[in-house]
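The values are calculated or read from the model by the stated rules, or taken from the named source; none is laboratory data. Fair warning: this is a prediction, and the values are worked out from it, not measured in the lab. Methodologically, a virtual Cβ is constructed for each residue, glycine included, from the backbone with ideal geometry; neighbour enumeration extends over all protein chains shown. Side chains are part of the model used for accessible areas, which takes the heavy atoms of the whole protein and leaves out ligands, DNA and RNA. Shrake-Rupley method; radii C 1.70, N 1.55, O 1.52, S 1.80 Å.
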Amino acid sequence: MKHRLTVEERMASAPLAVQNAVLAQSHPLEPGAVSVMGRFFDALELRGEAHDNPSTAVFTDAAKSESTLATLLKSLETYAPQICTAAGRDLRRDYYRARTEAQTQDRPNEGAVIPETAPSKWPAAWQAKYVGIYHAPNLRPATKKRHIASISRCADLLLVAGADATLDYLTGYLLAQELRKRGIKHKTIAGYLGGLLALEKYSEADGVTVASLNSLIQQHLTDAKFEDKEKLPRLQTIMAQGGFAFIAETAGQLRSAAAARAGWTLQKQRLLQMVALLAVHMNKPARTSDVARWVIGVNLIRHPSGLWELVWEQQKTSVETEAGLLWEEVSEILDELILGGRPDRTIHQRYDTLQGANWLTLEDRCLASKLPSQLIKEAIGIPSHDLRTLAADYLRLHDPETAPNTIRTHLGHSTFEAGKEYSILCENDVADQTWKDIRETVKAKL
């Protein structure tokens with residue numbers, strides 16, 4: 001009869017504390033957990049690697065599949081929390097990427113498929129015009145799909161809005177009024193009406209009809225600018241909570257929550273992203289599209305002293321701006337972000353490895369341009385653009401006489417028109433010094 005190995009035999013290379021933790025478990029372990037941990041510690045011993053920084057090779061030796069690796073990571077978190085699983089997390093991410101890429105190759109055009117016929121719920125007159133959008137040579141598939149979705153939304157509301165299928169100003173106006181009743185923002189309404197405009201435009205309609213719909217769209221886009229004033233209540237709430245002091249305190253709480261998470265979890269990575277975003281925005285608030293594109297070694301540069309420097313060209317204005325050397329506390333947070341649970345002694349190697357990588361994904365790919373703002377909103381309840389206004393408010397309260405000039409430089413406005421609320425350009429050193437004086441009062445809570 002074949003001898004069945006005991007836990008002690010299968011995990012002979014594991015530290016005694018880990019063996020005891022497994023043996024003390026009152027309920028059955030996940031199938032394969034003991035075996036895969038045994039192989040892991042065997043590989044660790046064979047390769048002579050430190051427990052606080054196992055290489056990818058150790059995880060590969062122990063787990064030959066994505067599911068087995070998942071079991072190993074969960075088991076190490078439970079029974080051997082002293083083991084750094086950062087390399088294993090990266091390996092699991094590689095498994096996931098390979099799997100999703102393979103699935104995408106199996107259906108390469110799935111996301112770009114445009115239906116040959118219009119949705120049946122559209123009015124017959126709209127269905128007849130669909131061929132124009134379908135064959136429009138200068139519309140990307142994604143744009144066509146967006147227009148189709150917008151037109152379908154309008155079709156759903158025709159009856160309740162009291163409109164008919166005539167594509168004119170009155171129909172657009174009635175639909176827009178119905179959408180406003182439902183709390184839809186002006187910018188979104190302009191997008192819905194843009195679908196109707198495309199339907200009419202690409203069906204070779206007369207210019208008067210197209211012009212009337214376009215004027216209605218422009219009206220809602222203009223109203224959307226005033227709608228931005230809705231951020232005032234959000235800012236008042238943040239100020240009542242303590243302003244940047246509240247943001248610093250929140251960043252500290254999220255940082256503690258991240259420290260309590262296992263190093264390989266996506267939740268921990270997301271928390272560290274939030275902390276880093278809040279911290280950097282307290283140094284200098286940037287536009288979310290710029291933040292999403294920052295590259296390690298190009299925009300975020302780590303100096304031998306351990307301090308990080310931030311400099312970038314603004315996508316909107318093509319003007320270069322900078323935050324200079326970041327606070328020591330923020331630099332520590334950026335170190336934590338790129339280490340991902342690895343020991344501090346590996347920071348220089350890790351930084352060199354990540355040269356050219358996106359600062360948030362730690363890969364070649366960037367986050368979606370709006371995601372940094374969404375993460376900030378998830379953390380503190382307001383989008384990142386509100387932080388630019390909040391910084392302006394702080395500067396105005398600090399020194400009303402110099403604030404207009406200082407704000408314009410600090411927020412990176414390239415023209416007088418863009419920063420007319422804050423007056424004319426001022427020297428960078430004035431903005432940097434003023435902001436440095438203010439931020440000293442809030443950074444201690446990080």
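Here are the numbers for this structure:
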| quantity | calculated |
| --- | --- |
| Packing rank of 119-126, 183-190, 267-274, where each peptide gets the mean count of other beta carbons within 10 Å, highest leading | 267-274, 183-190, 119-126 |
| Sequence-distant residues sharing a close amide H with GLY324 (under 5 Å, placed H) | LEU310 |
| Length added when fully stretched, ARG93-VAL160, from 0.36 nm per residue minus Cα-Cα | 19.3 nm |
| Surface accessible to a 1.4 Å probe, per residue, for the residues of segment 155-261, Å² | 53 |
| Solvent-accessible surface (1.4 angstrom probe) belonging to THR71, in square angstrom, nearest 10 | 20 |
| Spatial separation of Cα centroids for segment 61-83 and segment 328-343, in angstrom | 24 |
| Alpha carbon convex hull of segment 262-387, volume per residue in cubic angstrom | 101 |
| Cross-link table LYS201/LYS316; LYS185/LYS225; LYS64/LYS268; LYS201/LYS225; LYS129/LYS181; LYS145/LYS201, entries beyond 19 Å C-alpha to C-alpha | LYS201/LYS316; LYS64/LYS268; LYS201/LYS225; LYS129/LYS181 |
| Solvent-accessible surface (1.4 angstrom probe) belonging to HIS27, in square angstrom, nearest 10 | 100 |
| Exposure rank, largest accessible area first [GLU249, GLU320, GLU66; 1.4 Å] | GLU320, GLU249, GLU66 |
| Backbone HN-Hα couplings from phi across segment 269-282 [Karplus 6.51/-1.76/1.60, Hz, Gly and Pro as x] | 4, 5, 4, 5, 4, 4, 4, 5, 5, 4, 5, 5, 5, 6 |
| Loop sites in segment 155-248: GluC sites (Glu not before Pro), DSSP, at most 12 other Cβ within 10 Å | GLU204 |
| Per-pair calculated FRET efficiency, R0 = 56 Å: ASP223 and GLU9 via Cβ, rounded to 0.05 | 0.15 |
| Simple label model, 7 Å out from Cα along Cβ direction - SER305 to LYS74, nm | 4.7 |
| Per-residue SASA entry for TYR173, accessible area with 1.4 Å probe, Å² rounded to 10 | 90 |
| Accessible area in square angstrom per residue, segment 324-383, 1.4 angstrom probe | 45 |
